[in-house]
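Step one of this worksheet: look at the structure below.
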Amino acid sequence: MPITRREFLGGATAALMLPRLGTAAPSRCTILDLGDRCALRESLAGYRAALATAQPRAPILVIPSALDIPTLSIYRCLWRGGTVILEAGELPLSLWPRRTPYVDFTWPIATKVRDFSRVAPVRAHRDEIVADADGIPVASRRRIGLGTLIYLGTPLGPALWAGDTEAKQWLSAVVTGACGL
Amino acid sequence: MKKSIGDNMIPKGWRFERGLDLVKQAGYDGIELWLGDMPWFQLATSDADVRELRRKVENAGLVVSNVSTGLHWASPLSARDPTVRAQAMRIVDRQLETAQLLGTDAVLVVAGLVTEEVPYNEVYRRCVDALRSLGPSAGRAGVRIGCENCNAEQRFLLSPREFKQFLDDVNSPAVGIHLDVGNIHDTGFAEQWIEIHGPRITRIHVKDVLKHRGRCGDQSVYTNLFLGDNNWPAIRAAMTKVGYDGWLVAEMEARYRYAPDQQFHDTAKAMDRLISGQL
């Protein structure tokens, strides 16, 4: 992936200052298929299955297992006050062997989700961290403009695809905004 | 029924032809070829060389009963890494190709591997998806994929009904079960597996198992036919009940320390007793 998260966040913030682009409004829930830049096709399938009938209050953009960052799409969603779930496709750090196979999410609900062997550690302010694995921060949320960017350095899509109940509950809580964004 | 034994039983250092002579002399009708296990049959073995293997088998008065592989232990269809899964699919594809070249209609696949790291639900889903996509090509090739029950080692599909549900979910006439009656251990009874799977059985591996006789009394260990705890009269009766008349393939895991060729003869005699029902 040729762009770092820091560069991405900077770019996304700057993009908010650009004039509004004349594009069609995105659907309420969009799952972006990056084609061969989606590292795990089953992650894409997992989000599609989990969100097939979702009716979020605000626009949701999900980018599963991303090897590229589609900055413009992200900007559009954030500009509309939506939520972007950006899931990392490049996972440089192996968690295994480890004692327990879970990632601990603390927001929007506290739950344990199966890890996916490898993670992309997150560097963010402590208040922005929403999940960790063995003390390693692996997910964050950040308000950007009107919207919220959720960065997942731990793949959630494969767990959704495999029917993981807690993964579904976590995503559902994000989508419905039950706990407030 | 016909008798076969794996080429991976051929003593180390023996040439393929010498092993075939032993298999024939011991009274077997065929040989199971293990892709990737023996130097003469690797993934890189060319089609021409595979045809040459068939010629040697037939010259020895044998046929190839089926194509098996242990390569999926290292490259499982259930791996999280898509590149490993792609390799696993290539292995099955090559099994199907070589089965056609060798004139047999069955391959053995170890479908999935549950570990502490890769959980059951993921393994199940990936294996179903993989076998659904492999089914049509197997059907076109006229070859059936037999998923082996490696209950203890795979920690997957531990009961016969669970295995049936799995095959129902795959829903392909070209995908069945390669039943190993020695692998069931304490998770059930081989004769019940035979009853439940009946026509879906592609081949049967035979070996015996000594339950709870391991070093500390808490392990099961494989042994020769009739030395273990399998209920062979019941197994034989179940084969008759479901009309199984296919290959019995010897897969002996404990090898003779001395006179290794003797195991071929002893096992063949035991299989004759099993087939004849004189138990």
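FYI, it's all coordinate maths here, none of it is from the lab. No experiment lies behind these values; they were computed from the predicted model shown. All Cβ positions, even for glycine, are placed from backbone atoms using ideal geometry, and neighbour counts span all protein chains on display.
Just so you know, the Rg over Rh for region A:71-110 is 1.14, from Cα atoms, with Rh as the Kirkwood radius.
Full extension of the chain between B:Cys216 and B:Arg273 yields a length gain of 17.3 nm, computed as 0.36 nm times the residue separation minus the alpha carbon distance. Let me make sure I get this right: for region B:166-279, a, b and c are the square roots of the gyration tensor eigenvalues over alpha carbons, sorted descending. Under 1.5 in a/c it's rounded, otherwise prolate if a/b > b/c, else oblate. Which is it? Prolate, since a/c reaches 1.5 and a/b exceeds b/c. With both residues required to sit in the protein assembly as shown, DSSP beta bridges show an antiparallel share near 35%.
Is the shape of region B:110-234 rounded, prolate or oblate, going by the alpha carbon gyration tensor and its root eigenvalues a ≥ b ≥ c, with a/c under 1.5 for rounded and a/b larger than b/c for prolate? Because a/c hits 1.5 or more and a/b fails to exceed b/c, region B:110-234 counts as oblate. Straight-line reach from A:Lys168: taking Cα to Cα under 16 Å and skipping same-chain neighbours fewer than 8 places apart, the aspartates and glutamates in range are A:Glu42, A:Glu87, A:Asp104, A:Asp115, B:Glu122. The packing ranking, built from the mean of other Cβ atoms within 10 Å per residue, places the peptides B:188-197, B:229-238 in the order B:188-197, B:229-238, highest first. Within chain B, DSSP assigns beta bridges of which about 10% are antiparallel (rounded to the nearest 5). Expressed to the nearest 5 percent, the antiparallel share of DSSP beta bridges inside region B:1-156 is 5 percent. For region B:118-132, 3J(HN,Hα) computed residue by residue from phi via the Karplus equation (6.51, -1.76, 1.60; θ = phi - 60°) reads 10, x, 4, 4, 5, 4, 4, 4, 5, 5, 4, 4, 5, 6, 4 Hz, glycine and proline entered as x. Mean separation of Cα pairs under 8 Å and 6 or more residues apart, divided by the residue count, gives region B:202-250 a relative contact order of 43 percent. Orientation-averaged projection of the protein assembly as shown equals 25.4 nm² [convex hull of Cα atoms, one quarter of hull surface area]. Mean per-residue shielding of peptide B:113-122 is 5, counting Cβ atoms of other chains within 10 Å of each Cβ. Taken over region A:81-143, the convex hull of the Cα atoms encloses 90 Å³ per residue.
What does the C-alpha gyration tensor say about the overall shape of region A:98-181? Classify as rounded when a/c is under 1.5, otherwise prolate if a/b is larger than b/c, or oblate. Oblate shape, in that a/c is at least 1.5 and b/c is the bigger or equal ratio. Entry note, chain B: relative contact order of 17 percent, from Cα contacts under 8 Å with a spacing of 6+ residues.
What FRET efficiency, computed as 1/(1 + (r/R0)^6) with R0 = 25 Å and r the Cβ-Cβ distance, is obtained for B:Tyr120 and A:Thr106, rounded to the nearest 0.05?
It comes out at approximately 0.40.
Cross-link check: pairs B:Lys12/B:Lys207; B:Lys211/B:Lys269; B:Lys3/B:Lys211; B:Lys2/B:Lys269; B:Lys2/B:Lys24 evaluated at a Cα-Cα cut-off of 19 Å; pairs beyond the cut-off: B:Lys12/B:Lys207; B:Lys211/B:Lys269; B:Lys3/B:Lys211.
The Cα-based radius of gyration of region B:62-104, divided by its Kirkwood radius, gives an Rg/Rh of 1.08. Within the same chain, aspartates and glutamates fewer than 8 places from B:Lys164 are excluded, and of the rest, those with a Cα less than 17 Å from its Cα are B:Asp129, B:Glu148, B:Asp180, B:Glu191, B:Glu195.
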